[in-house]
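The structure under discussion appears below in the form of structure tokens.
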Amino acid sequence: MEHTADPPDARPLRGSDSGPPGSSLDLRRVLAGIDRIAPARFATLVILGYVAVSLTAYLPAWPGDPSRLVGAQCACGDPVQQSWFLGWVPWAIVHGHNPFFTNWIDQPSGVNLAVNTEMPFLGLLAAPITFAAGSVASFGFLLWLAFPASATAAFFVLRRWTRSNLGSACGGLLYGFSPYIVGEGFRHLNLTFVPLPPLIFMALYEILVEQRSDARRWGVALGLLVGAQYFISSEVLSTTAVVAVVAAAILLVARHRSVDRRRLRHALRALVPAVLVTGVLLSYPVYYFLAGPQRFRGPVQLIGNRYRIDLLGPIIPTSAQLLGPSALVSLGDKFTDGFYENGSYLGIALLLLVVWLLVRYRRDRAILLAGSVALVAYVLSLGPGLLVGNHRTGIPLPFDAIGRLPYLGNILPARFALYEQFFVAVVLALGIAHGARAVASRPSAQGVAIHARPRRRLRTITSRTAAQSLVAAVGAIALVSLLPAWPTPTTPVSVSTPRFFTSPAADRIPAGSVVLTYPFAVTPDDQAMLWQEAVHFRWKLVGGYALIPSPDGTARSQPPALPPLRVQEFLAWAESGNTNSHPMTTLTLDGRLVADLRLYIRRYGIGTVVFDPVGRRPALALALFERALGAPTSIGGVDVWFQTARLAREPVRSRPR
């Protein structure tokens, strides 16, 4: 019998959404194909990708580079302080000191580190690097690690929630390299290292919603995560708790009919061990925070501070982005106190994509929950009053109430942008997962004749291809608009650390003695803390950069005002031209000031004075020391006076340099 070919309109299609052979590619089939890759293999490739991207963040510095520190002009300010904190924790534990208190800076009163951004968990994590190469290397390594670690944590959380390879990979990329994390990566390790908030949200979701696994095990895990996050940043833990409460409230309203005694018992079985584990881990540091010496009262920043997001923040780029019109970047940089704090940027393309996903999959409660929490986090990041284009509107916002609650006063509203970014990443991951499942769930039409008009089928293929091309184009634009302005500037440590402190000559300073330096250690000129760390905390330092109580009990970041006040004021003025917070009637180098310096040295047991010729008026500072102590010893790029407590009691006489 003669074979009769099928009519053109009865030929089989290879799938319900594709056209005949040679038709355009179906984007959703690509997504489904990626999701069929073995999870372990795909995860390995994704993590390697995150690591590779992160390697460009601080070039030419490499992860663990002991020779360079983040900073455009100097190795000073917050990076020096945080490097010092990382070095102090393991050193204090090994030498039997309290890791939550130190008098190695701000002599003689000392500093309560429990109320500062000490990061003891990270200090212990990087202790091997610190002992081998110094805390500058630890700071650089952890700051680099923050990007792939945060992205990887989000990846695994999102894959658990979405079961989508590509969705979780994109969500992890968006979170781990978000404008918030990129911006804080310019100087704040404690705010950049954020792999734990996604894990905390996952644990809470398992305890309160899914309830599929052992409750006590998840409770213990939650307690450990909360404790670890406190030891990285108590502020991030506080903001995570606020957002978690908001998410739980939204869930309770949306699913109140499903709440019963069984679910409540499961939650309690988890939350009780979580509270117990948290209490064991945090009882002492929280006690030290509340009742330890050198604590201050009230918030560090008043509620009307500049650390808040402008209403236009999500659509106006800053200097943290690689691409953007200069006029818009200039505007975005002014929205907060430093562009690195304006971490709410999403870009118009990503915003459009997220809104489309929310509308397209509005029947999915998970995607609506993520979108709602992202919106609430954005509103909280706006602060107590609405700003539009950097102009105050006088419209009050919810943070005005939250920021006044006990122990939440130190939350800076701009940092809620972290959760805006994370839950936008959740929306994106869920949307991609929906697109992949839409193909995977359809029965294959291969071998089945579908009778349809060719024109209608061609029109369907064309419209679908156009729509998918548009979505792909918007996604590509969103990715390009979020590219970070890397590499972040770094500065050689040698710029701020004279050769003296890396040479054997530094051992001439007696161990455990007190040292006065010029420049006097104040923020942001805290290079002397870097010198102290370079010699492995051999000596104690007058001055330093840390939060301490001022005379009225509120927080201040300047060193204690040690009488005679004229000494510190003159040194600060010679260095920067400022006199800090203490008014002076005169800044003249006279006999009274010389006598005050000698008294200052005797009163506080200062054994060594080190002078580095930097600042605005180094010659005046040098003249003061020479008139009070005689000629110095010049060694390793600095002038040093040894045994100054004795010299300050003797008549001044010239000695060979």
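What follows is calculated from the coordinates using simple rules that are stated; it is not laboratory data. Since the model is a prediction, treat every value here as computed from it, not as a measurement. Cβ sites come from the backbone with ideal geometry, for glycine too, and all protein chains shown count toward neighbours.
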>> For the range 44-127, compute Rg over Rh where Rg is the Cα radius of gyration and Rh is the Kirkwood radius from the inverse mean 1/r over Cα pairs.
In response: 1.07
>> Could you list 395, 402, 601 so that the one with the fewest beta carbons within 10 Å of its beta carbon is first and the one with the most is last?
In response: 395, 402, 601
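Given a Förster radius of 30 Å and the C-beta distance between residue 259 and residue 360 as r, what FRET efficiency does 1/(1 + (r/R0)^6) yield to the nearest 0.05?
Between residue 259 and residue 360 the formula returns 0.55.
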> Which residues in the range 605-626 have a backbone N closer than 16 Å to a point placed 7 Å from the Cα of residue 643 along the Cα-to-Cβ line?
Replying inline: 606-609
> What is the distance, in nm, between label points placed 7 Å from the Cα along the Cα-to-Cβ direction at residue 561 and at residue 400?
Replying inline: 3.4 nm
>> Taking the Cα centre as origin and putting +1 on Lys and Arg beta-carbons and -1 on Asp and Glu beta-carbons, what dipole magnitude results for the chain, to the nearest 20 debye?
In response: 1700 debye
> Given a cut-off of 46 Å, what percent of all Cα-Cα pairs of the chain lie beyond it?
Replying inline: 29 percent
>> Only four residue types carry charge here, +1 at the Cβ of Lys and Arg and -1 at the Cβ of Asp and Glu. Report the dipole size of the range 202-297 about the Cα centre in Debye, rounded to the nearest 20.
In response: 380 debye
>> At q = 0.08 Å⁻¹, what log₁₀ I(q)/I(0) does the range 497-647 have when each alpha carbon counts as one equal point scatterer in the Debye sum?
In response: -0.20
> For the charge dipole of the chain, defined by +1 on Lys and Arg C-beta atoms and -1 on Asp and Glu C-beta atoms about the Cα centroid, which residue among 503, 621, 103 has the Cα displaced farthest towards the positive pole?
Replying inline: 103
> Under a 5 Å amide H to amide H cut-off, with H placed in plane at 1.01 Å, what residues pair with residue 608 once short-range neighbours are removed?
Replying inline: 514, 516, 644
>> Multiplying the sequence separation of residue 74 and residue 479 by 0.36 nm and subtracting their Cα-Cα distance, what value in nm do you get?
In response: 142.6 nm
> Sorted by packing (mean other beta-carbon atoms within 10 Å per residue), highest first, where do 31-39, 528-536 land?
Replying inline: 528-536, 31-39
> How far is helix 196-205 tilted, in degrees, relative to the longest principal axis of the Cα atoms in the chain, given as a value from 0 to 90 rounded to the nearest 10?
Replying inline: 50 degrees
>> On C-alpha positions alone, give me the angle between the axis of helix 78-94 and the longest principal axis of the chain, in degrees, nearest 10.
In response: 80 degrees
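So if I average 1/r over every pair of distinct C-alpha atoms in the range 140-255 and take the inverse, what Kirkwood radius in Å does that give? It would help to have the intermediate numbers written out before the result.
Numbers: mean 1/r = 0.0675 Å⁻¹.
Answer for the range 140-255: a Kirkwood hydrodynamic radius of 14.8 Å.
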> Among 364-374, 172-182, 153-163, what's the highest-first ranking by average C-beta atoms within 10 angstrom per residue?
Replying inline: 172-182, 153-163, 364-374
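Which percent, to the nearest 5, of DSSP beta bridges fully inside the range 497-647 are antiparallel?
Taking every DSSP beta bridge within the range 497-647, about 55 percent pair in antiparallel fashion.
What is the antiparallel percent of DSSP beta bridges lying wholly in the chain, to the nearest 5? Let's see the in-between values first.
On the way: 19 of 27 bridges.
So the antiparallel bridges amount to about 70 percent of the total.
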>> If you fit an axis through the alpha-carbon atoms of helix 135-162 and take the longest principal axis of the Cα set of the chain, what angle between them do you get, 0 to 90°, nearest 10?
In response: 20 degrees
> Applying the Karplus parametrisation 6.51 cos²θ - 1.76 cosθ + 1.60 with θ = phi - 60° to the phi angles of the range 238-244, what ³J(HN,Hα) value in whole Hz is obtained for each residue in order, glycine and proline being reported as x?
Replying inline: 5, 5, 4, 5, 4, 5, 5
> Amide H to amide H, which residues 5 or more places from residue 309 or on other chains are under 5 Å from it, using H placed in the peptide plane?
Replying inline: 382, 383, 414
> In what sequence, highest mean first, do 132-145, 480-493, 343-356 appear when ranked by Cβ atoms within 10 angstrom?
Replying inline: 132-145, 343-356, 480-493
> What size of dipole, in debye to the nearest 20, comes out for the range 598-657 about its Cα centre when the only charges are +1 on Lys and Arg C-beta atoms and -1 on Asp and Glu C-beta atoms?
Replying inline: 260 debye
>> Suppose the chain between residue 466 and residue 592 were pulled fully straight at 0.36 nm per residue; how much longer would it get relative to their current alpha carbon spacing?
In response: 37.1 nm
>> Every cysteine in the chain with no other Cys Cβ under 4.7 Å from its Cβ, please list them in numeric order.
In response: 170
